[in-house]
Structures are given as C-alpha cells and as structure tokens.
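Here's the structure we're looking at; comments come further down.
The values are calculated or read from the model by the stated rules, or taken from the named source; none is laboratory data. Keep in mind that what you see is a predicted model, and the values were worked out from it rather than measured. We place every Cβ from the backbone using ideal geometry, glycine too, and count neighbours over all the protein chains shown. Heads up: the accessible areas ignore ligands, DNA and RNA and are worked out on the full protein's heavy atoms, side chains in. Shrake-Rupley method; radii C 1.70, N 1.55, O 1.52, S 1.80 Å.
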Amino acid sequence: MRRRAAWALACIFVAFSIVGVLKPAYAAVGCRVAYTVPNQWQGGFQASVTVTNLGDPLNGWTLGFTFPDASQKVGQGWSATWSQSGQSVTAVAASWNGSVASGGTVSVGFTGTFGTANPVPTVFSVNGVSCTGSTTPSTSPPTSPTTSAPPSGNVWNPPSSLVQPLAAVWSHEEQTYGDLYGFKNYGWDQLFAGGGAINYCVRWDSTAHVTAAQRDAVAAALQRQYQKWMDQMLDNGVAWNNWPYKQVPVKVVGWAVRDRAQLEWTDTSVDIYVNNIRENAPQCVESCGRFFHQDGNYSGCPGGASHHYDHSLWLTAGFGGGAGGDWGQRIGSEYFMSNLNATNIHILLHEMGHTYGLDDFYDWDPLPGQGFIMKAGSATSITEFDKWMFRDFWRHLKSRYGR
C-alpha cells in the first residue's frame, strides 16, 4: 500500500509557551522502574526504561541509576536529556514529558555499549528519591489519595462528538481501499513482527554532508516522533484495548548515500550502503528490507536479521511535500534537518500515519472546519480525532495479532 500526500510549500509555524507549575507542598513521592533490554548485539544494546509515578503529580523529573559494570556506557538517548559520570547515569525530562500524573508512566530509552557483560541496573531514583515501589511522604501525607485511571478494556469509547465522523472514515476506507483487511504490511504488521521495535534505513537523497552529531540527532528525532503515535494507544499510561506496547524503541540501522565521503564518521554504529540506487535515490540493500521480505526472511541481509529495516526515511533535497506508505516516509531533507529538535515534525507525523494505514482527506472532510494531522496542512500535531482514527484501525485489525 502506498499513500501520498501533496503538501503546500508554505508551512504554518505555531509558537508554544510553557508555564511552570510549582510542586505542591508535602508531596508524597514514590516510583517504580522497569528497565528492559529489547535488543542486544555484540558490544552494544538498546534499553527501555519505564517509570511509574506512585506519588503526587510530577512537574519535572530526573531519573538516576548506576550501571553495575564500568564498561557500560550510554550512547544515543531519546525522550530525555541523558548524561553519564563514571557509572552514574542521569536522564532529565524533556519539555513535553515532564508532567507525570499520579499513577502515570513515562518511558525513555537509549542505545549503549558494553565490554564483556551487560548487567541490568537494580537501583533507581527519581528527583533524588529511591524507587522502591511505594510512596514516602516528604513531610506530611497528602490530604486525599490519588488513583490512576482503570484500563479501558475492549470497549469502543470515543467522545460522542466523534462517533459519527469515525464511522464515516472507516466506511470510506472500506469503500476506497483495495484490500483493507487482507493487506499484511501495515506499520502494525511490521511492529508486531519486530516484537514491539522498529528499525529504519535513512535514504540520504542529497549532496549535503552529515556529521556524527547530526546522525544521532536524526535517530533521536525519529524516536520522539514515532512515540507520539504510540502514545495515542495509552490513557494515563494504561494501554487501551489490549494494546501491548508502551514504549516502542526505534533504531536507525543503516544510511544509504551516493558518496561515502558525505557521511563524516568512521565508527561502525550503523551500516552504510554506497551508490545502491532505486527510484533514482540511494537505499539500503533490498535483502535487508521488510518491504521486500514481508515473510521475515533476512538470510541475505549483511549482518543478519538484526540489521533489517522496517521503514525507510527518505530525505530528498528540495522536496516540498511528503509521501508515506508501508515502505516508510519521504520528506524534504532541508525541512527535516532544520526541525530535528522541533516538538512536532508535522509532515513526518502525517506520513507516519499513512504507514499505519490512515487515509488522506483531499476529496472529502469528516470534520468540516476542524484541523487534524491527517488532513494535510490543517494541524501541526496529532489531535484527538487522529488518535481515535488510529485506535479504530487497531480495533479492526488487532485480532490478527491475537489481541
């Protein structure tokens, strides 16, 4: 399935302001941390850390832990600002995830390296308080208890104002998609095939050079933007309708270029493919691509299955629009590189929606007068309507994954 979106060349920029909120006095503090290693390879690994706030609401947080082995090092991180001193690691909240409700969760992650052993840390703290799985009043107990929202279960429970528009959207997709239920390479399929993780290849369709710092920033931006869609499946940290993944690790496994000299790094953290041309643009080898091997057979992939890629991020110089589908997303290289630290890279978010099957809205409008990310150019962030369209796709397909 291929979906394309014609974007106007002019972009609308929205300024956001952040208002600081003081912590309440006598806050009860407490936390629980789940640290997992979803991927590991020789000398390297990917870690996912989920913090559950067991106390009063947090308005800013700092996670701390200590690596058991001196050889363990944090490399590229996402959803927080990561630093390391000796074996002590610190992750400081980003601007968009610093507030965590009572009972809520926040998920962060990083890639790292190790020597001969990669033991899991066991002692964690948030804002200097040890995470023991219980709460401790800092001075006096809170005046009233707080609880997290219960799981949503298997109900279809969108806001009443969206029920009819959502039904119209699904009916439209049934009428216009050639093989809506039989197609087996949506982003959903790729995510489940990868056990809840996604790999990317970057198709660098430009003559510009890329530094190691830019390479890492590209990977971090992909992680942040991808997680924005995954977060739509959570209600206050609780998975909706049997959704199994809270944090989806995103890893860039390869870069494809015309000239190796364009990539200004010498380490081997990613695979590099030179002058392998398809559609008049560089790409990572087909033997590693999910688009070309939907059976999951990556026996011909250099480095094996762990080096396969599910999506391509096709960055094209001078490209003023966007395209998305089961193969990945294509946007302008200048636009993407100038928005690496943006809260919402809205053209990329739109194209990611297409990868998960969401439609375009050029010929009709289910919400007249209202903007949403999948109506190209009308919104700069994922809206409530986008969230429920995303959930509706999951609701109709989840049985194929045994959920």
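For an R0 of 56 angstrom, estimate the FRET efficiency from the Cβ-Cβ distance between Asp360 and Ser83 and round to the nearest 0.05. Before the final figure, lay out the partial values.
Values: r = 42 Å, r/R0 = 0.75.
E between Asp360 and Ser83, to the nearest 0.05, is 0.85.
Work out how much length Lys184 to Asn127 would gain on full extension: take 0.36 nm times their residue separation and subtract the Cα-Cα distance, in nm to one decimal.
Details: separation 57, 0.36 × 57 = 20.52 nm, distance 4.44 nm.
Extra length available between Lys184 and Asn127 comes to 16.1 nm.
Can you sort Asp360, Asp216, Asp295 by 1.4 Å-probe accessible area, starting with the largest?
Ranked from most to least accessible, the order is Asp295, Asp216, Asp360.
Percent of alpha carbon pairs in segment 246-403 separated by more than 19 Å?
Values: 7783 of 12403 pairs.
Taking all Cα-Cα pairs of segment 246-403, the fraction more than 19 Å apart is 63 percent.
Using the Cα centre of the chain as the reference point, and only Cβ charges (+1 on K/R, -1 on D/E), how large is the resulting charge dipole? Debye, rounded to the nearest 20.
Numbers: 25 positive and 28 negative charges, 116 e Å.
Dipole of the chain, to the nearest 20 debye: 560 debye.
Report the Cα-based extents of segment 192-320 along its three principal axes, largest first, to the nearest Å.
Principal-axis extents of the Cα atoms in segment 192-320, largest first: 46, 31, 30 Å.
Residues with amide H under 5 Å of Gly357's amide H, sequence separation 5 or more or different chain, H placed in the peptide plane at 1.01 Å from N; which?
Result for Gly357 returns Gly187.
Any lysines with Cα under 26 Å of the Lys398 Cα? List them, leaving off those in the same chain fewer than 8 positions away.
The qualifying lysines are Lys184, Lys228, Lys246, Lys251, Lys375, Lys387.
Have a look at segment 164-267 and give its Rg and Dmax from the Cα atoms, expressed in angstrom.
Over segment 164-267's Cα set, Rg and Dmax evaluate to 18.1, 55 Å.
Under 5 Å between amide H atoms, partner at least 5 residues away or on a different chain: which partners does Trp61 have, H built in plane at 1.01 Å?
So Trp61 has HN proximity to Ala93.
From the P(r) of the chain, could you give the percentage of C-alpha pairs in the tail past 33 Å? Please list the in-between numbers first.
Details: 28000 of 81003 pairs.
Result: 35 percent of Cα pairs exceed 33 Å.
Heavy atoms of the protein only, probe of 1.4 Å, neighbouring chains included. What is the accessible area of Phe192 in Å², nearest 10?
It works out to around 40 Å².
Just reorder Thr266, Thr383 by solvent-accessible area, largest first, 1.4 Å probe, all chains present.
Thr266, Thr383
Using Cα pairs closer than 8 Å and at least 6 residues apart in sequence, work out the relative contact order for the chain, in percent.
On the way: 811 pairs, mean separation 71.1, N = 403.
That works out to 18 percent.
Which value, in Å² rounded to 10, gives the accessible area of Lys73 with a 1.4 Å probe and all protein chains present?
Near enough 90 Å² of accessible area.
To the nearest 10 square angstrom, what accessible area does Ile277 show with a 1.4 Å probe?
Only protein atoms counted, so the area is about 80 Å².
Return the carbon/sulfur percentage of the accessible area of segment 191-349, one whole number, probe 1.4 Å, all protein chains in place. Write down the numbers at each step before the final one.
Details: 2600 of 5450 Å².
Answer for segment 191-349 is 48 percent, counting heavy atoms of protein chains only.
Excluding Tyr226 itself, what net charge comes from residues whose Cβ is under 12 Å from its Cβ, given Lys and Arg +1 and Asp and Glu -1?
Details: positive: Arg224, Lys228, Lys251; negative: Asp231, Asp310, Glu351.
Here the count lands on 0.
What whole-number value in Å² describes the accessible area per residue of the chain for a 1.4 Å probe? Walk me through the numbers before you get to the answer.
Details: 17310 Å² over 403 residues.
Ligands and nucleic acids excluded, the figure is 43 Å² per residue.
Relative contact order (percent) for segment 49-96, with alpha-carbon contacts under 8 angstrom and 6 or more residues of separation? Please report the intermediate quantities before stating the final value.
Details: 52 pairs, mean separation 18.1, N = 48.
The value is 38 percent.
Nearest 500 deg cm²/dmol is fine: what mean residue ellipticity at 222 nm does the chain get from its DSSP H runs of n ≥ 4 alone, each adding -39,500 (n - 2.57), divided by its residue count? It would help to have the intermediate numbers written out before the result.
Values: 6 runs with 72 residues, N = 403.
Computed ellipticity for the chain at 222 nm equals -5500 deg cm²/dmol.
Using a 1.4 angstrom probe on heavy atoms only, work out the carbon and sulfur share of the accessible area of segment 35-125 in %.
Roughly 52 percent of what the probe reaches on segment 35-125 is carbon or sulfur.
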